[in-house]
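J.: Just passing along the structure, written as structure tokens.
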Amino acid sequence: MRIEFDRDVCIGMFQCVAEWDAFEEDTDAGKAILQDSEETEEDLFVREVPEDAELDAKFAARACPVDAIEVYDDDGEQLV
């Protein structure tokens, strides 16, 4: 499972931070940060989700009010 985070879309509500500790607040920029991620395109950050964090990752994606977070299964199908 992988998660994609579009930092450009993020509005800094930090609800993802409350749901999964892989997200942290960047109060200087007013946006969240996805730890241990790789920037694959400008402002698009991707990382694999550990099996024990899959539920937390899904909750983080669902909590985002602007849909800046998407979760995909291993076949590339979008789950959230």
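The values are calculated or read from the model by the stated rules, or taken from the named source; none is laboratory data. Just so it is clear, the model here is predicted, and its values are computed rather than measured. Accessible surface is based on the protein model in full, side chains and every heavy atom, while ligands, DNA and RNA are left aside. Shrake-Rupley method; radii C 1.70, N 1.55, O 1.52, S 1.80 Å.
J.: Using the reciprocal of the averaged 1/r over all distinct C-alpha pairs, how large is the Kirkwood radius of the range 34-80 in Å? Show your work: numbers first, answer last.
T.: Values: mean 1/r = 0.0882 Å⁻¹.
Result for the range 34-80 stands at 11.3 Å.
J.: Sticking with this structure for a sec: On a 0 to 90 degree scale, rounded to 10, what angle separates helix 54-63 from the longest Cα axis of the chain?
T.: Long axis of 54-63 versus the principal axis of the chain: about 40 degrees.
J.: Return a whole-number percent for the relative contact order of the chain, with Cα pairs under 8 Å and 6 or more residues apart as the contact set.
T.: 40
J.: Another one. State, to one decimal in nm², a quarter of the convex hull surface area for the C-alpha atoms of the range 1-67, i.e. the direction-averaged projected area.
T.: Result: a mean projected hull area of 4.0 nm².
J.: In square angstrom, what is the accessible area per residue of the range 10-65 with a 1.4 angstrom probe?
T.: Value returned for the range 10-65: 62 Å² of accessible area per residue.
J.: Expressed as a whole percentage, what fraction of the accessible surface of the range 1-70 belongs to carbon and sulfur atoms when a 1.4 Å probe is rolled over the protein heavy atoms?
T.: Looking at the range 1-70 in its full context, I get 40 percent from C and S.
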